Structures are given as C-alpha cells and as structure tokens.
Amino acid sequence: MLLFLLAFLGGVLTILSPCILPVIPFVFARADQSFRRSTLPMLAGMAVTFAVFAALATAGGNWIVRTNEYGRWVALAVMAALGLTLLIPALAELLARPLVRLGAGVQARLGASSQPDRNRQAGPAGALLVGASIGLLWAPCAGPILGLVLAASALSGLTAHSLGLLLAFALGAACSLAVALLAGRRVFQAMKRSLGAEAWLRRALGALVLAGVVAIALGADTQLLAAVQYFNTNGVEQRLLAAFGNPQPVHAAPMPAVAAIDVSDVTPVAPPLKNEGRMPSLAGATAWINSPRLTRKSLRGKVVLVDFWTYSCINCLRSLPYIEAWAKKYSSQGLVVIGVHSPEFAFERDVANVRKAVKQLGLTFPIAVDSDHRIWNAFNNEYWPADYFVDANGDIRFAHFGEGNYAESERVIQELLAGAHHQAPAGAESSAPPLVALAVDGAGAEAPADARDLESPETYIGYARGERFDSPQRLRTDATATYTAPILPTLNQWGLAGTWNVGPHMAVLQRAGGEIIYRFHARDLHLVLGSGTGKPIRFRVLVDGAPPGPNHGVDDNAQGYGTLRFQRLYQLIRQRGPIEDRTFTIQFLDKGVQAYSFTFG
C-alpha cells in the first residue's frame with residue numbers, strides 16, 4: 001500500500017516538472033468545456049493509456065517500444081485533428097455529429113429525449129479519445145519514484161501489482177492537472193466575459209495544439225524541456241522516499257560488491273544454524289541445464305546449496321568459481337549444488353543465451369532456468385547472488401547474500417554434511433583447527449574486486465534506474481535523439497554521444513559512431529552489452545583519450561579494439577598501475593549496440 005501512495009505522490013509532483021509541458025496545450029484546449037463530461041473522461045483516458053503502455057513497455061521489451069512509437073504517430077494525428085477543430089468550427093461540428101447521434105440513440109433507449117442538440121459538445125466519448133491520445137504522447141521524467149515503480153514493473157513482469165503502481169502514478173498526475181485546469185478554467189471564463197474573445201481564444205488554443213504536435217513530431221519538445229530547468233522534483237521525491245523508509249520493489253537491485261575473503265589466513269567457523277523452513281519447490285523452472293529436472297523428492301537425504309545468479313551480474317560471476325569448486329569437492333559426500341538462473345535483463349530470459357553462458361563459464365553443476373522468476377518468488381529472494389543452504393531433511397538452515405564470506409559458507413556445507421552422515425564435522429574430533437576452506441583464484445571478470453579502491457557504483461543506462469546522466473541534452477525516453485559528450489564530467493557521471501534510443505533498461509545505438517563516456521574510479525570496468533542486429537559489433541575503448549595499453553580488459557586489446565558477439569558482461573578495463581579518477585570512452589564502429597549497465601571491481 002505504501003508503494004501505491006508513493007507512486008501517486010510522484011505523479012502529483014509532475015505538475016512542477018518541465019516534463020508536463022508538452023501536454024499542457026492539449027489539456028487546456030478543453031478548459032471551456034464541462035468538467036464532468038469532458039475533463040474527467042479526458043484525464044481518465046490519459047491515465048489509463050499511459051499506465052497500460054508503460055506497463056507493456058517495461059514488461060514486453062523492444063517490440064512494445066516499437067508499438068508505442070507507432071501509437072505516438074496515431075496520437076499525433078488525433079491531436080492535430082483536435083487543433084484543426086479548434087481553428088475551424090465547421091470542422092468541429094462535422095466531426096461531432098456521429099458522437100452526438102450515438103449519444104442521442106443511447107438516450108432514446110433509456111427513455112430520454114432523443115432530440116439531438118447540434119450545439120452540444122461531443123461528450124465523454126470524444127474526451128476519452130483525446131485523453132488516450134495524450135497518454136500515448138506523455139513521457140514523464142523518470143525521477144526516483146517513477147524509477148522505483150518502473151524497476152518493480154520490469155523485474156516482476158506485467159502483473160496487476162505493477163499495472164496498479166503505474167496507474168497510481170498516472171492518476172496522481174491527472175489529479176494535479178485537474179486542479180490546474182480548474183484554476184485555468186476560471187481565468188479562461190473571465191477572459192471571455194471581459195474581452196468577448198471566445199472565438200479568438202479557441203483559435204489560439206488550436207494553434208498551440210498544432211504547434212505542440214509539430215514540436216513533438218520533430219523532437220523539438222526535448223530541446224525545449226532541456227532549456228526549462230525551473231524546478232527539479234528529484235530532491236523532493238528523494239525526501240519522500242526517505243520519509244517512507246525507501247521501500248524496495250518486489251525484486252531489489254543487485255547487492256553492491258563485497259570484497260572476497262582471503263581464506264589463507266582465516267580459520268572458518270560455522271555461523272549458528274537455524275531452521276528457516278522447508279525448501280520451496282523447484283517446479284517453476286522453464287528448463288534444466290547439466291541435469292534432468294530435480295525435485296524436492298529426488299533431493300531427499302542430500303545437502304543442497306541453491307545459488308541464485310544471472311550471467312550478466314558481476315557479483316555473481318565473481319562468486320561462481322567458489323560455487324563450482326564446492327560442487328566438485330563435496331559431490332561425492334552428498335552435496336548437490338543447484339544454480340537458479342533468474343534473469344535481470346530481457347536477453348537473459350532466452351534459454352539459448354543461458355546455455356551459451358553456462359558453457360563459456362565452464363559450469364558443470366545443475367542449472368534451473370528460472371526465466372519467469374517463479375523459483376525466485378517461491379524463495380522470496382531479493383538479491384544476486386544469494387545462497388540458501390538446505391540440510392538432508394529439506395530444511396533451509398542458513399542463507400548468505402552477496403559476495404564474500406566463502407570460508408564461512410564452506411564451513412556451513414561441512415556442518416550440514418556431517419549432520420547428514422551423523423558424524424562430527426571435520427576437525428572437531430581433535431585439537432587440530434577446522435579444515436581450511438578452498439582458496440579459489442578467479443580470472444578476468446571472475447577475479448575478486450579491489451574493494452579498497454572502489455569508488456564507482458553500479459550504474460544503469462536505461463532510464464528506469466539510470467542516474468547521473470551528464471550529456472548537455474536532456475535524456476529523451478523511448479525516442480530517438482542525438483546527444484553530445486559531457487564537457488567535463490565529474491566522478492561517476494556519464495553521458496552519450498551520437499544518435500541513441502534510450503528505453504527503460506537499455507540504450508540502443510541508431511547510427512554507427514556513437515559513444516558512451518563515464519568518469520570512474522576503480523581497478524576494473526565492465527559493461528553489459530548486446531547486439532540488436534544479430535551481427536558482430538566492433539568497438540574501441542579509450543582511457544583519458546588514449547588507448548588503454550596494459551590497462552585493457554579481457555574483451556579488448558592494448559589498442560582498445562574489440563568485438564561484441566553475445567549479450568553479456570564485457571570486461572573492458574583492468575588497471576595495472578595506480579587507481580585514479582579516469583575518463584572511459586567506448587566508441588562503436590557499427591550501429592545496433594544495446595548498452596545496459598556499468599559495473600566495477
């Protein structure tokens with residue numbers, strides 16, 4: 001309920017944001033009409049249409065974005081017709097006749113007067129159509145609250161809950177517009193009484209509507225909004241989130257990186273083990289890799305480690321060498337390791353992509369492909385990675401979230417295996433110290449992070465969770481726009497150069513020669529990339545304007561050149577010398593690249 005209230009308040013705040021400006025002419029064009037029969041249906045149509053299309057866009061991926069673009073052109077045509085009816089009264093009467101006849105027919109069936117009044121306004125049906133068109137055109141700023149709503153919708157999929165959150169946001173915006181319209185209506189009527197200029201006002205509003213249509217069609221509205229910075233609601237929204245305890249969406253974002261433990265100087269001690277309830281069913285898996293389908297019945301008597309991961313998650317990649325090592329070391333003693341692959345991005349839902357990643361990573365333990373998040377939801381899980389340790393009776397005894405504490409986790413495995421065999425854990429029968437956990441050296445992106453000198457956070461490029469964007473142009477959502485590089489980005493600011501279409505979860509390059517720029521402070525820089533064309537995409541990496549040399553990553557060479565062929569996480573920087581603030585630039589020599597998120601280590 002708290003999320004619904006926050007979503008509504010976030011919508012109310014849009015009246016103070018430049019993002020509302022493109023729809024103002026369309027809304028005020030009906031200021032002289034009945035509030036109940038015209039304004040309310042129009043605002044309802046706007047709210048419902050925006051909520052439905054936003055929910056479909058976050059849940060459906062690129063195809064619905066294309067559908068929404070076509071819908072925008074249909075909406076522009078409807079709004080242009082509205083502007084023409086305001087300019088030409090005879091056209092308004094002509095277009096209103098079918099709706100008037102329809103209303104008269106309904107009234108006749110209800111026993112009301114069937115005599116149409118040709119001077120009467122078209123009524124709720126026409127207003128609802130106008131509102132639906134506004135809903136297709138309206139793309140509000142993705143502040144913290146809308147970002148939270150979109151993240152919840154994207155991760156949980158298209159559900160009644162996510163649709164309700166988006167509808168609450170849209171209703172908040174509609175309510176603030178209704179208040180503004182009531183105030184504007186009084187001004188409008190006063191001007192009519194004092195100046196007798198109704199016809200002039202209608203034509204002026206018609207001209208404004210047509211100007212708005214032209215501006216949106218040409219993309220000029222983005223430049224206008226970039227120039228209007230009279231109020232930024234982000235600070236207010238952040239204070240609202242803090243006041244309400246910053247509630248998280250159903251599926252929270254990945255945990256921040258945690259430094260891996262150096263086990264060479266650690267004597268692992270098992271944490272207290274509790275009974276956290278029965279292990280949930282694994283029946284929600286859409287496929288299994290490296291194993292036939294496993295069930296709670298087939299796992300009876302085994303100690304089970306359930307590891308939630310996804311193949312573009314850097315924290316998951318750094319923990320996988322330990323998971324694989326435990327699977328090999330303890331399988332003969334009765335341990336079954338199950339990796340549950342629960343996707344974050346749409347491309348990770350593809351079973352073929354998961355199979356390819358499992359093969360490239362060299363994983364041999366069973367993988368449950370959880371593309372619909374059914375197992376994730378059954379465990380009430382919130383993190384990547386997350387490990388659940390299950391005893392031989394099928395009860396969860398311990399859980400660990402994030403990277404690190406590998407020695408502690410291995411000691412839990414030893415304790416549970418000892419309990420399954422009814423024997424003392426290793427090392428307990430003598431004065432010798434407990435068995436030291438495996439020391440695992442990950443290579444490339446799987447190497448432990450340098451947490452001592454890590455000052456850059458995970459950063460999303462899609463607008464649903466994106467922040468710290470620093471190109472001179474305002475970020476335009478779900479539309480193609482041209483950007484220029486940030487002039488002097490400060491630490492952890494980033495920007496785009498070239499022609500891009502920025503969606504909720506990724507940015508897609510529309511023409512060859514585009515760039516992404518990021519000012520970072522970390523040993524390693526990774527970027528989740530994919531190809532929207534299905535063809536290889538060439539790129540070049542620069543650090544402070546020069547080739548990376550020895551500081552290149554595993555996916556580019558010393559001159560910075562590389563090729564992406566598969567949707568995954570790419571390691572592009574591994575600094576060998578002092579760690580300082582540096583400016584990263586990646587140039588794409590081919591169009592169609594999909595850029596998702598930065599991670600650091």
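The values are calculated or read from the model by the stated rules, or taken from the named source; none is laboratory data. A quick note: this is a predicted structure, and the numbers were derived from the prediction, not measured. Backbone-built Cβ (ideal geometry, glycine too); neighbour counts: all protein chains shown. Note: areas computed on protein heavy atoms with side chains; ligands, DNA, RNA excluded. Shrake-Rupley method; radii C 1.70, N 1.55, O 1.52, S 1.80 Å.
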>> Filter the range 549-580 down to the residues that are over 19 Å from Glu446 (Cβ atoms) and open to solvent by 10 Å² or more (accessible area, probe 1.4 Å) and list them by number.
In response: Gly549, Pro550, Asn557, Ala558, Gln559, Tyr561, Thr563, Arg565, Gly577, Pro578, Ile579, Glu580
>> Could you list, ordered by first residue, the pairs with Cβ atoms under 7 Å in which the first is in the range 363-380 and under 20 Å from Trp326 (Cβ atoms) and the second is charged (D, E, K, R), at least 6 apart or interchain?
In response: Leu363/Glu324; Thr364/Glu324; Phe365/Glu324
> Between a first residue in the range 453-474 that is of a type in the set (Lys, Arg) and a second residue that is assigned to a loop (DSSP other than H, G, I, E, B), which pairs have beta carbons less than 8 Å apart while being 6 or more apart in sequence or on different chains?
Replying inline: Arg465/Ala253; Arg468/Asn492; Arg468/Gln493
>> Restricting to the range 518-534, name every residue that is in contact (Cβ under 8 Å) with a residue 40 or more places away in the chain and under 17 Å from Leu569 (Cα atoms).
In response: Tyr518, Ala522, Arg523, Asp524, Leu525, His526, Leu527, Val528, Leu529, Gly530, Ser531, Gly532
> So is Thr310 in contact with a Pro (Cβ under 6 Å, 6 or more places away or on another chain) and open to solvent by less than 70 Å² (accessible area, probe 1.4 Å) or not?
Replying inline: yes
> Restricting the range 529-541 to residues that are more than 18 Å from Ser597 (Cα to Cα) and not polar (S, T, N, Q), which is surrounded by the most Cβ atoms within 10 Å (Cβ to Cβ)?
Replying inline: Arg538
>> Quick check on my filter: what residues within the range 462-491 are touching a Phe, Trp or Tyr at 6+ places or on another chain (Cβ under 6 Å) and open to solvent by less than 50 Å² (accessible area, probe 1.4 Å)?
In response: Gly466, Ser471, Leu475, Thr477
> Scanning for something of a type outside the set (Val, Ile, Thr), in a loop (DSSP other than H, G, I, E, B), more than 21 Å from the chain's Cα centre (by Cα) and at pLDDT below 90, does the range 286-293 turn up at least one residue?
Replying inline: no
> Within the range 351-361, can you find the residues that are open to solvent by less than 70 Å² (accessible area, probe 1.4 Å) and in contact (Cβ under 8 Å) with a residue 24 or more places away in the chain?
Replying inline: Val351, Asn353, Val354, Ala357, Val358, Leu361
> In the range 326-349, what residues are surrounded by fewer than 17 Cβ atoms within 10 Å (Cβ to Cβ) and touching a residue at least 60 places away in the same chain (Cβ under 8 Å)?
Replying inline: Lys329, Gln333, Gly334
>> Which of the strands (runs of 3 or more DSSP E) found entirely inside the range 417-529 contain at least 3 residues meeting this: at pLDDT 95 or above, in contact with a Lys or Arg (Cβ under 9 Å, 6 or more places away or on another chain) and not aromatic (Phe, Trp, Tyr)?
In response: 494-502
